[in-house]
Amino acid sequence: MNLELTDEQRLISETAREFVDREVVDRARDNDRAEKFDRELASMLGDMGYLGAPVAEAHGGRGLDHVSYGLIVEQIGRGDSAARTVVSVQTSLVCGSIERWGTAEQKQRWLPRLCSGEALGCFGLTEPDTGSDAASLRTRAEPSDGGWVLNGQKMWISLGNFAEVALIFAQTEPGSGPKGLACFLVPTDSAGFSSQEIHGKLGLRASDTASLALDGVEVPEDAMLGGIGDGFKVAMSALDSGRYSVAAGCVGICDGCVASSVSYATERRQFGVPIARFQLVQELIADMIVKRDAARLLVWRAGMLKDEGKPSTIETSIAKLYATESAVECANAAIQVHGGSGYVDDHPVERYLRDARVTTLYEGTSQIQKLIIGRDATGISAFLPYE
Ligand code: CAA
């Protein structure tokens, strides 16, 4: 076993760290305050090759290994989870799905533009009445002359107001559950397609979040990604990568919490000494470091399995569960170290807490991850109603 990064991986991580410190950190607070989706920053992420890092170079990506992708995402997550969401959705959910399931024509049409950041994509799985139970989604796909007609609604869709293409998951045969699902590549300027901004979020305020409506949207036969009945597998294989990316971003939040807390605790003085002098403050910092390192190693394990082409669904769920819960705990503890100063946005820690909170919800709640892990351990599914 070798836990050392290669020289190239170290360089990739260091380059991403410098980019984030130079371009991302200073924008994060202003964008958060203004609830502004920073399209310019998304283009800069594309220019850096961060929107399709593991996608093959032939398709416009950088052809990097998954551990390197995770290292990039960790750094961006340390700087700004809204920017990290752009990277995760675009790279893992959208580009990854097209590369894995797409025809040569679909790859050629979409991947170079998505990897460069010229176009954005979104992942339309969740609906107003369908979250954890993804297979029960109600958006309907009905055959028409030479194609399909889509009707339905999607909810909580990251990048939905800015995307040029949406992966839309729809049911072709009501009552057939996951076996009837199909995924379609839908240009968002199609007639009958509309999006609406969702505001009032606790965190990720600089991330674009949309509800989508599909009202008789017509798409040709070749818009289908995979075949009829492949839709659920497209979604689950996308989430195998998306959850990995969320986990890596949360390692970045944990790391940012440690850095900000160490800096503050060694400068801030009370009772005539730096507060780092107090054992209870050191305990808060030590607990953060343990969580960060454990989360990072779980992410690296999942990444290494992906690079070896081995199954990684369970290890990805373990990493996602642990890293997201740790990010919430670290951010909460970091605010405690900062005291009143941590309650306002002079320091990043209050934003870390607000931004971390959604990560235990989206791309599969912590409870869903536990049920996936528990089913693997026991051989008994605690999901209803399929067993
Ligand atoms: N890769 C490929 N195929 C997979 C797979 C994977 N990781 N996992 C399951 N499948 C296949 C199975 O092999 C099976 O195929 P067969 O019928 O041919 O054998 C089929 O899919 C159905 O499998 P299961 O019935 O076993 O389904 P499951 O139990 O694995 O899934 C669930 C149930 C785990 C609850 C799943 O519905 C789930 O993960 N729910 C959470 C949904 C979720 O994470 N939503 C996030 C929304 S996206 C988002 O948040 C992004 C954003 O923009 C904010």
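A few points about this structure:
- Paramagnetic reach from E218 (point 7 Å along Cα→Cβ, amide N under 18 Å) across region 170-197: 185-194
- Close amide H partners of F123, meaning residues 5 or more places away or on another chain with modelled amide H under 5 Å apart, are S158, L167.
- Choice from T130, T172, T316 with maximal GNM fluctuation in the chain (Cα, 10 Å cutoff): T130
- GNM top mover of T126, T15, T313 - the chain, alpha-carbon springs below 10 Å: T15
- Label-point separation in nm, D293 to Q108, each point 7 Å along Cα→Cβ: 5.1 nm
- Over the chain: helical MRE at 222 nm, DSSP H runs n ≥ 4 each giving -39500 (n - 2.57), nearest 500: -16000 deg cm²/dmol
- Relative contact order of the chain, pairs being alpha-carbon contacts under 8 Å that are 6 or more residues apart, as %: 16 percent
- Put simply, region 243-387 fits an ellipsoid with semi-axes of 34, 15, 12 Å; these come from the alpha carbon gyration tensor as the roots of five times its eigenvalues, largest first.
- GNM top mover of V219, V273, V67 - the chain, alpha-carbon springs below 10 Å: V273
- By the combined test of axial Cα extent (at least 30 Å) and Kyte-Doolittle hydropathy (mean at least 0.0), the qualifying DSSP H helices of the chain come to 231-267, 279-307, 313-338.
- Look at the alpha carbon pairs under 8 Å that are at least 6 residues apart: their mean separation over the length of region 124-230 gives a relative contact order of 31 percent.
None of the figures in this text is laboratory data; all of them are computed from the coordinates on show. Note that the structure is a prediction, hence the values are computed from the model and not measured. Please note: Cβ atoms are built from the backbone with ideal geometry, for glycine as well, and neighbour counts cover all protein chains shown.
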